[in-house]
Amino acid sequence: MSEDYQIKTNVQFTEHTAIPKEQSESVLFDILVEEVIDNATYCRVLINKLLAVPYAQLADFINHHTQFISDPIKWLNKTDKLISVNEKVFSTSDNQGRMMKCFTIIESKRKELEILRNRHTKTKPPMQYINAECEERYFCFREVKNTVNAMDCNTDKIMFLTKEKFDYEQASIDFINPKLPDYSIQCQKEIDQIQHLIRLTDEFSKEQMQKNSNGLPFNKLKINCNINQLVDIFYQLHRELFVDGKPIIDGNVNDIASVIVNSFTDRDGRDLSPESVKTMLTPSKTDKRPKPHKRIDIDKLL
């Protein structure tokens, strides 16, 4: 039986994610109405759940609870605050890493929901900026360009632009703005530009590495496991494991990705894709990292 932690400070939740026992499908994840008599009890049960849920399932737990409420962003904010004001509950070394992971997951989920919210509430741009329209939607490359510029990951940019291009090509267009370039062509040009910049960046990175290699010469090491398993090891050391409150590996994602790309090849001896590695290192891209049963859990090895 897991330990029942007592918290000292509560946060007023406007919505509780508790459900009736007969509707519960997950004993591990669900908070039951029958065990929550007031807001203080809900706060205590929620903290205890966050401490009891297996480390690898924390993201699933938080995603699970955001489905039960009308304003999941507000619930995430309250949960974030609840963890912060009860930091002492996470005072052990194991739980401190768990606390940081909770913050990372909450921030990632919050950004994801904010993007969806903005997508649903955005106003239609003036007709002069709309390339084309069909019955279901409009196509505005100016808007798409702004969205792409706000993205950090080139892989996400290319995926987004490709989807926009295909959506346009498969749509039954009712209106085309003759004063603007073809929407599909603009999307493709943007994709080509991003891919060209990726290639240049990769070439410059290799060139810079050769210039800076004042130490012993070396050949890249071959990875005989899945690439995402190796990248996930770096992710854990950077995002989940801490020494004196600092990540075991401290640095930005670009530098960590460069170390991996410049040091390893896949099992067939092929170079790794910098963008793929960066995607795997992105906190919100849990689907790109190994499933729990395939993960090399560094915490258990330390």
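Please treat every number below as a calculation from the coordinates, not as lab data. Fair warning: this is a prediction, and the values are worked out from it, not measured in the lab. Cβ placement follows ideal geometry from the backbone for every residue including glycine, while neighbour counts extend to all protein chains displayed.
How much net charge surrounds Phe61 when only the other residues with a Cβ under 12 Å from the Cβ of Phe61 are counted, with Lys and Arg +1 and Asp and Glu -1? Summing Lys/Arg as +1 and Asp/Glu as -1 gives +2. Couplings 3J(HN,Hα) for region 63-72, derived from phi with the Karplus relation 6.51 cos²θ - 1.76 cosθ + 1.60 (θ = phi - 60°), are 4, 4, 6, 6, 7, 9, 10, 7, 10, x Hz, where x marks Gly and Pro. Each residue, Asp182 and Asp71, gets one label point 7 Å from its Cα in the Cβ direction; the gap between the two is 4.7 nm. From helices alone, the chain scores -16500 deg cm²/dmol at 222 nm; the rule is -39500 (n - 2.57) for each run of n ≥ 4 DSSP H residues, then divide by the residue total. Among residues other than Asp297 with Cβ under 11 Å from its Cβ, the summed charge is 0 (Lys and Arg +1, Asp and Glu -1).
Fewest neighbouring Cβ atoms within 10 Å first, the residues Met280, Met159, Met127, Met99 line up as Met127, Met159, Met99, Met280. Taking each residue as 0.36 nm, the span from Asp202 to Lys81 lengthens on full extension beyond its C-alpha to C-alpha distance by 39.5 nm.
Electrostatic tally near Ser70: other residues with Cβ closer than 13 Å to its Cβ, Lys and Arg +1, Asp and Glu -1, net 0. With neighbours defined as other Cβ atoms within 10 Å of a residue's Cβ, the residues Thr279, Thr123, Thr14 order from fewest to most as Thr123, Thr14, Thr279. Positive-end ranking of Leu200, His238, Phe141 along the dipole of the chain, with charges on Cβ about the Cα centre, is headed by Leu200. Amide H to amide H, with H built 1.01 Å from N, Asn10 comes under 5 Å of no residue 5 or more places away or on another chain. Residues Glu133, Glu275, Glu203, arranged from fewest to most other Cβ atoms within 10 angstrom of their Cβ, appear as Glu203, Glu133, Glu275. Per-residue 3J(HN,Hα) values for region 195-201, derived from phi via the Karplus relation 6.51 cos²θ - 1.76 cosθ + 1.60 with θ = phi - 60°, read 5, 5, 5, 4, 4, 5, 4 Hz in sequence order (x marks Gly and Pro). For Cys140, the amide hydrogen comes within under 5 Å of the amide hydrogens of Asn131, counting only partners 5 or more places away or on other chains and with H modelled in the peptide plane. Here region 140-155 is scanned for amide nitrogen atoms under 13 Å from the site 7 Å beyond the Cα of Lys124 along Cα-to-Cβ, giving 140.
Shape class of region 21-120 from the alpha-carbon gyration tensor: oblate, with a/c at 1.5 or above and b/c at least as large as a/b. 3J(HN,Hα) along region 218-224: 8, 9, 4, 8, 8, 8, 9 Hz, from the Karplus curve 6.51 cos²θ - 1.76 cosθ + 1.60 with θ = phi - 60°, whole Hz, x for Gly and Pro.
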